1. Output wanted: per-residue J couplings in Hz (rounded whole) for the range 104-121, from phi through Karplus 6.51 cos²θ - 1.76 cosθ + 1.60, θ = phi - 60°, x for Gly and Pro.
2. Under the classification rounded if a/c is under 1.5, otherwise prolate if a/b is larger than b/c and oblate if not, where does the range 103-243 fall, given a ≥ b ≥ c as square roots of the Cα gyration tensor eigenvalues?
3. What FRET efficiency do you get for Arg219 and Val76 if R0 is 25 Å and r is their Cβ-Cβ distance, rounded to the nearest 0.05?
4. Rounded, prolate or oblate: pick one for the range 47-165, where a ≥ b ≥ c are the square roots of the eigenvalues of its C-alpha gyration tensor, a/c under 1.5 means rounded, and failing that, prolate if a/b is larger than b/c, else oblate.
5. Kirkwood Rh, Cα Rg: Rg to Rh for the range 167-243?
6. Mind grabbing the accessible area of Asp68 for me, 1.4 Å probe, Å², rounded to tens?
7. Hey, what do the phi angles of the range 198-206 turn into as Karplus ³J(HN,Hα) couplings, whole Hz, using 6.51/-1.76/1.60 and θ = phi - 60°, x for Gly and Pro?
8. For Thr177, tell me the accessible area in Å² from a 1.4 Å probe, rounded to the nearest 10.
Amino acid sequence: MPQKIYRDLCEAFGQVQGLLENLRLLGVRELLDPPDEASLPVCPVASASDDGSSKPCRPESLEEIRADLGDCRRCVLSEKRQHIVFGCGSEKARLVFVGEAPGREEDKQGVPFVGEAGRLLDRMLFAMGLRREDVYICNVQKCRPPGNRDPQADEIAACEPFLIRQLATIQPRVIVTLGRFAAQTLLRRQEAISRLRGRWHAYEGIPLMPTYHPAYLLRNPASKREVWEDLKQVMSRLRGDDS
């Protein structure tokens, strides 16, 4: 199910609940109570197991998405991985960072961005006045590609629906994509990251800022200044939401 339809269904359900409550306050007692939200079936964004049917929905949690992912064997990356790297951080984060795929250290620990590039990302967050607990961090791919190669089309097709569901659940104010691959995947564009970065784009109505991957910055430290300019735009956008 497309994400917009999913959101519209959930919004409509909330409106119906409000209408029923107003009628009850007016003394219309014969109407049944609206169903408890927790008793409704989850209606996630389309995944590999969906049958495409419409049904009453409530927002699914990250825990439920992770449970649906399970011990994933949907592509060949599962054959050599050590751990699935689902994501970490706050389910209510206003800011989400999306990278490409786990590296060696991430594969060992099952946590995104814990290697040398991850330590640089931590310093970037500190400069923004944030901690990992304040944001959400994930990747397009949940398993490490051999030799850290780019994921292949069938691997993306198997894994991307779970990223879409993560973003639909969190509904962040801003998304920052780290590196070429994440930006091209979410934006459905093939431009180089040097052309995409530094300008606002949108993913499902959410402002999206592409920037360089921390691993790239380790090899090209002169580009840190450009990334800081990108992150200053992100901070300004988040501050604007607070005003």
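1. 4, 5, 5, 5, 5, 9, x, 10, x, 6, 10, x, 4, 5, x, 5, 5, 4
2. It comes out rounded by the Cα gyration axes.
3. That gives a FRET efficiency of 0.35.
4. oblate
5. Working: Rg = 12.4 Å, Rh = 12.8 Å.
Using only Cα positions, Rg/Rh for the range 167-243 is 0.97.
6. Taking all protein chains as shown, Asp68 has close to 50 Å².
7. Residue by residue, the range 198-206 yields x, 10, 6, 10, 9, 10, 6, x, 9 Hz.
8. 0 Å²
The values are calculated or read from the model by the stated rules, or taken from the named source; none is laboratory data. Everything numeric in this text was worked out from a predicted model, so none of it was measured. Glycine gets a Cβ as well: all are built from the backbone with ideal geometry, and neighbour counts include every protein chain shown. Ligands, DNA and RNA are excluded from the accessible area calculation, which covers all protein heavy atoms including side chains. Shrake-Rupley method; radii C 1.70, N 1.55, O 1.52, S 1.80 Å.
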